[in-house]
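The next block holds one structure in the form of structure tokens; read it before the comments.
The values are calculated or read from the model by the stated rules, or taken from the named source; none is laboratory data. Being a predicted model, the structure only gives us computed values, none of them experimental. All Cβ positions, even for glycine, are placed from backbone atoms using ideal geometry, and neighbour counts span all protein chains on display. Heavy atoms of the whole protein, side chains included, go into the accessibility calculation; ligands, DNA and RNA do not. Shrake-Rupley method; radii C 1.70, N 1.55, O 1.52, S 1.80 Å.
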Amino acid sequence: SLIRHGDLVIVNASEESQSLRGLDRKTGREVWKAEAATLELAYGTPAVARLADGREDLVIAVPTELWGLDPTTGKIRWYATHALTGNVSPSVVVDGEVVYVFGGFRSAGSLAVRAGGSGDVTGSHVLWTSRASSYVATPLLHEGLLHWIDDRGQAFCLDARTGEQRYRRRVAEIEGGGRPVYASPVSSAGRLIIPTRWSGTLVLAAGPDYRVLACNRFEADDSDFSGTPAIDAGRLYLRSGRFLYCVGEPAP
């Protein structure tokens, strides 16, 4: 998992080397490396929080902590502790100075943290905490609401400002068990699009009320749909265990 920042490509090499690495995007030369044992269970993609004073912090969630680093050097600037233990799989969600963290195994949950500061900012920068969580999927922030379906087939919606739960509903269209959703939601035209692994692709209303608008299937493909969709130029790209699909209006 990687992001681009200026002349750098920043890579989370957690599984491979328990490190974050900043690489020159033109040559591939390693500019900096940040190593820590807790990175081994941090699977999310890092992100950049942009502060009001113009400073930028590279943020990533690891078990029991959220880190803010200097993206040009990899040096840690601040951290906030949290109760999410075990593997932290979802990527952090960033909205300006606010960072939303989800994940954890056994001890799971979510929290919102204001980026910035130095050292331990837990007491001053944690805005809210919640027991609602996502194990694999990265929630989608849409018009002040955080949306996702967890790996047990429950749809969640939280108010991003307060952490208040707007709904939590069992998705009736999901058949069977076995961690039925891994994909993260995407949005288009006021709708949420979320593939399930074996029960089709759900289309939900992107608002505070739970409404399933459609559940679409490729009847000839019974393989696993675990990938997050991509949207470009009015076309939806979906990946299954067998095929890559492009869905859109037919060409005139």
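I'd like to verify a number: residues in the stretch 222-239 that are charged (D, E, K, R) and open to solvent by less than 70 Å² (accessible area, probe 1.4 Å), how many?
The number of residues fulfilling the criteria is 1.
The single condition from (1) in contact with a helix residue (DSSP H, G or I) (Cβ under 8 Å, 6 or more places away or on another chain); (2) farther than 29 Å from Arg179 by Cα that Thr64 fails is (2).
Of all residues in the stretch 116-147, those satisfying the criterion of being hydrophobic (A, V, I, L, M, F, W, C) and either closer than 29 Å to Val181 by Cβ or without any contact (Cβ under 8 Å) to a residue 24 or more places away in the chain (or both) are Val126, Leu127, Trp128, Ala132, Val136, Ala137, Leu140, Leu141, Leu145, Leu146.
Any idea which of Ala160, Ala206 is in contact (Cβ under 8 Å) with a residue 60 or more places away in the chain, touching a His at 6+ places or on another chain (Cβ under 8 Å) and not polar (S, T, N, Q)? Don't jump to the end; show me each part of the working.
Values: Ala160 fails: touching a His at 6+ places or on another chain (Cβ under 8 Å).
Checking each option against the conditions leaves just Ala206.
Screening Asp209 with (1) under 21 Å from the mean Cα position of the chain (by Cα); (2) loosely packed, with under 15 Cβ neighbours inside 10 Å; (3) within 21 Å of Gly144 (Cβ to Cβ) gives one miss only, at (1).
Identify, please: which residue in the stretch 1-37 is in contact with a Phe, Trp or Tyr (Cβ under 9 Å, 6 or more places away or on another chain) and modelled with pLDDT under 95 and is, among those, nearest to Ala61 (Cα to Cα)? Among residues in the stretch 1-37 that are in contact with a Phe, Trp or Tyr (Cβ under 9 Å, 6 or more places away or on another chain) and modelled with pLDDT under 95, the one nearest to Ala61 (Cα to Cα) is Ser14. Across the stretch 52-68, a minimum of one residue is classified as crowded, with 16+ Cβ neighbours inside 10 Å and part of a loop (DSSP other than H, G, I, E, B). Tell me which residues, restricted to the stretch 136-180, are of a type in the set (A, V, I, L, M, F, W, C), over 25 Å from Val98 (Cβ atoms) and crowded, with 17+ Cβ neighbours inside 10 Å. Scanning the stretch 136-180 gives Val171, Ile174. The residue that is farthest from Val121 (Cα to Cα), among those in the stretch 42-57 that are within 15 Å of the chain's Cα centre (by Cα) and not polar (S, T, N, Q), is Tyr43.
Considering the stretch 73-110 alone, what residues qualify as being in a strand (DSSP E or B) and either within 13 Å of the chain's Cα centre (by Cα) or closer than 16 Å to His142 by Cβ (or both)?
Residues satisfying the conditions are Val88, Val93, Val94, Asp95, Val98, Val99, Tyr100, Val101, Phe102, Gly103, Ser110.
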